[in-house]
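Shown next, in structure tokens, is the structure this report addresses.
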Amino acid sequence: MTENISSQKRIDSDGNNSFSRTNPDKPVSISVFFPCYNEQDNVERTVTKALDVLKNLKADFEVIIVNDGSRDATARIADDIAAHNDRVKTVHHKTNLGYGAALKSGFKAVTKDLVFYTDGDGQFDISEMPPLIPLMDQFDIVSCYRLDRQDSLIRKLNGWAWTKLVCLLFGVKIRDIDCAFKLYKTQIFDNIEMSSDGALIDAEILARAVRKGYTVTQKGVHHFPRTAGEQTGANLKVILRAFKELFKLRRKIRQP
Ligand SMILES: Nc1nc2c(ncn2[C@@H]2O[C@H](COP(=O)(O)OP(=O)(O)O)[C@@H](O)[C@H]2O)c(=O)[nH]1
Ligand SMILES: [Mg+2]
């Protein structure tokens, strides 16, 4: 099921809707990136799956691994994958800067017309990404929601409350704001600022994009339990940082 959350027309910097997939001879141009923090046991599997899906799509693609200062072997494994595949690039942070910083580095590194990201921990299935692409003929952003979130009840409740709070403060209607399965038109990132280095980043991007008139549609995707590595998304440090950034951003952005 998809739903449009904004009736506004998309306006880019030159006022035109220049994106179209109507030319069937032109391959889809897409960058896919993965934020990774200590994902030595997941990164290879996740990237290999992405390469398979993208090759099947016959897309003009690139894959970017954003290593956010991992302390394990993620950097070495990522560089090794890139050395053996010229479609794969790596971006490294010297130290751990945070989820938002990792997404910002990904969006800055991409070169294709569309940009898709999902987590490097393999909790989503990238084969659910290709059906989102045709939606870009009508919308600027596809923001997915987890159909069956594989987290504890308390984490699900916190996630629900966070989504409600952020939507209320920024005047957007998103079902699952932090769902790491989103597709954007790359040109959006020439027209919006991104200031959050922590978990607020998803909300910030959507809030700023909707305020600029970009349109969003939503689609359900499956979510899978982590099979390796450690979850850090629910750490107290991460949550406190998100709230600090929320109040800072709220002062800058007012509800329309
Ligand atoms: N939490 C966290 N994740 C990061 C960071 N940098 C990159 N990531 C990646 O972001 C994704 C989500 O992290 P995870 O701990 O699984 O959070 P969760 O899925 O929300 O429980 C994973 O792919 C991490 O490797 C960071 O500083 N903190
Ligand atoms: Mg995860």
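The values are calculated or read from the model by the stated rules, or taken from the named source; none is laboratory data. Owing to the predicted nature of the structure, the values given are computational and were not obtained by experimental measurement. Here the Cβ is made from the backbone with ideal geometry for all residues, glycine too, and neighbour counts use every protein chain on show. Side chains are part of the model used for accessible areas, which takes the heavy atoms of the whole protein and leaves out ligands, DNA and RNA. Shrake-Rupley method; radii C 1.70, N 1.55, O 1.52, S 1.80 Å.
A few notes on this one:
- Reciprocal of mean inverse Cα separation for segment 43-158 (Kirkwood radius, Å): 15.6
- Furthest towards positive pole of dipole, Ala50, Ile77, Gly198, structure part the chain, Cβ charges: Gly198
- Difference of contour (0.36 nm per residue) and Cα-Cα distance, Thr232 to Ala73: 55.5 nm
- Among Asn67, Ala102, Asn38 - extreme Cα towards positive end, dipole of the chain, charges at beta-carbon: Ala102
- Computed about its Cα centre, the charge dipole of segment 59-105 is approximately 220 debye, with only Lys, Arg, Asp and Glu carrying charge at their Cβ.
- Placing unit charges on the Cβ atoms only, positive for Lys and Arg and negative for Asp and Glu, gives segment 85-229 a dipole magnitude near 220 debye about its Cα centre.
- Positive-end extreme of charge dipole, segment 119-256 - chosen from Gly120, Phe139, Leu246 (charges on Cβ): Leu246
- Cross-link check: pairs Lys55/Lys219; Lys108/Lys219; Lys164/Lys219; Lys89/Lys252; Lys104/Lys237 evaluated at a Cα-Cα cut-off of 29 Å; pairs beyond the cut-off: Lys89/Lys252.
- Relative contact order, whole percent, for the chain stands at 27, derived from Cα pairs under 8 Å and 6 or more residues apart.
- Debye intensity ratio in log₁₀ form over the Cα atoms of segment 119-173, taken at each q of 0.23, 0.25, 0.30 Å⁻¹: -1.08, -1.10, -1.13
- In a simple Cβ point-charge model (Lys, Arg +1; Asp, Glu -1; nothing else charged), the chain has a dipole of about 1060 debye relative to its Cα centre.
- Proximal aspartates and glutamates relative to Lys58, as straight alpha-carbon distance under 20 Å, when same-chain residues fewer than 8 apart are discounted: Asp25, Asp86, Asp113, Asp125, Glu128, Asp137
- Summed over the residues of the chain and divided among them, the accessible surface reaches 48 Å² per residue at a probe radius of 1.4 Å.
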